[in-house]
1. Evaluate the following for D158: is it out of contact with any Lys or Arg (no Cβ under 7 Å at 6 or more places or on another chain) and modelled with pLDDT of 95 or more?
2. Which residue is farthest from the chain's Cα centre (by Cα), if the candidates are limited to segment 230-263 and must be hydroxyl-bearing (S, T, Y) and buried (at least 16 other Cβ atoms within 10 Å of the Cβ)?
3. Just checking, how many residues over segment 92-126 are over 20 Å from G172 (Cβ atoms), modelled with pLDDT of 95 or more and among the polar types (S, T, N, Q)?
4. From the list V46, V79, pick out the single residue that is crowded, with 21+ Cβ neighbours inside 10 Å, in contact with a helix residue (DSSP H, G or I) (Cβ under 8 Å, 6 or more places away or on another chain) and more than 30 Å from E258 (Cα to Cα).
5. Step by step: first the residues of segment 171-210, then only those that are touching a Ser or Thr at 6+ places or on another chain (Cβ under 6 Å) and crowded, with 19+ Cβ neighbours inside 10 Å, then the one that is nearest to S95 (Cα to Cα). Which residue is that?
6. Applying the selection to segment 129-154, what residues are among the acidic types (D, E) and more than 16 Å from K65 (Cβ to Cβ)?
Amino acid sequence: MSEHATTDARLQAAAASLAAARQQRQPRARVSEGFALASLGEAYQVQAIGMQQALTQGRQLSGAKAGLTSAALRAALKVEEPLYGWLFADSACHSGEVIAWERLLQPKVEIELALLLGADLPTGEISQEQLLSSIAGVVPALEINDSAIVGWQLTLLDAVADNLSAGLYVLGSQPTPLAQLNGQRLLGTLLCNGQPLRANVAISLDEVLATAFWLVRKLAARGQPLRAGDVLLTGTQASIAEVARGDQLCFQVAGLGEVGCSFS
């Protein structure tokens, strides 16, 4: 057996392990160790295998997500650029939805801004103007991250292989045009059961757009440009938060409205 075939079998097995963890709702040990992932490139290959398998099974992509968007954190981890993962249409939830706890393994929540695309983006080079003109609106979003790795004891390679711990996402129902936010200072607060969990979080729209620009260019350069109707999750605006069964969440952003969900 060739070295390439051996590598493929190992990465295929890593993707199968992550898929089985999610299907069985039973977190697994680190795939970075169990399958000897050697690089970020191999981790992205595992992610891509998992994505293709999901598409083969009838799931549909609905956009993309960015992770590790903090420059300070990237510097500490010696990573040169943010990370990316994929969103699936059956992972989208409506604001106000009651989410069955049984859908999840070990969820945590992040507060984000989501950009909604109203036009297809081209393959290859994308200008900032093309991105801005394609954005139909901005909404507050809750990302329900849900790692397939036991106890969230994951390395960077595990996170990437596991599609950046993607679980579900919840979007606000009233998109705001970008032009309406020009120069506006955005402050967000995450409430859990009516009590502030993350309060008065300053949100830089410029940084959100810079992350989105990196994300769409990265995917277009890979021959996977985003399309009209797709969602861009642009990275967490505060540290990840614990959630429990029965919790009610509400993320409010001045000038953008709110988004919420609860767990049954």
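The values are calculated or read from the model by the stated rules, or taken from the named source; none is laboratory data. No experiment lies behind these values; they were computed from the predicted model shown. Positions of Cβ are generated from backbone atoms using ideal geometry, with glycine treated the same way; all protein chains shown enter the neighbour counts.
1. The answer is no for D158.
2. S262
3. Final tally of qualifying residues: 1.
4. Being crowded, with 21+ Cβ neighbours inside 10 Å, in contact with a helix residue (DSSP H, G or I) (Cβ under 8 Å, 6 or more places away or on another chain) and more than 30 Å from E258 (Cα to Cα) holds for just one of V46, V79, which is V46.
5. Ranking the qualifying residues of segment 171-210, first place goes to G172.
6. Selection gives E129 alone.
Yes or no, residue by residue, for (1) assigned to a strand (DSSP E or B); (2) of a type in the set (S, T, Y); (3) surrounded by 18 or more Cβ atoms within 10 Å (Cβ to Cβ):
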{"position": "L116", "(1), (2), (3)": "yes, no, yes"}
{"position": "E129", "(1), (2), (3)": "no, no, no"}
{"position": "S133", "(1), (2), (3)": "no, yes, no"}
{"position": "V139", "(1), (2), (3)": "yes, no, yes"}
{"position": "D158", "(1), (2), (3)": "no, no, yes"}
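Residue by residue, here is whether (1) surrounded by fewer than 20 Cβ atoms within 10 Å (Cβ to Cβ); (2) under 20 Å from L83 (Cα atoms); (3) at pLDDT below 95 holds:
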site: A5; (1), (2), (3): yes, no, yes
site: A15; (1), (2), (3): no, yes, no
site: A20; (1), (2), (3): yes, no, no
site: L37; (1), (2), (3): no, yes, no
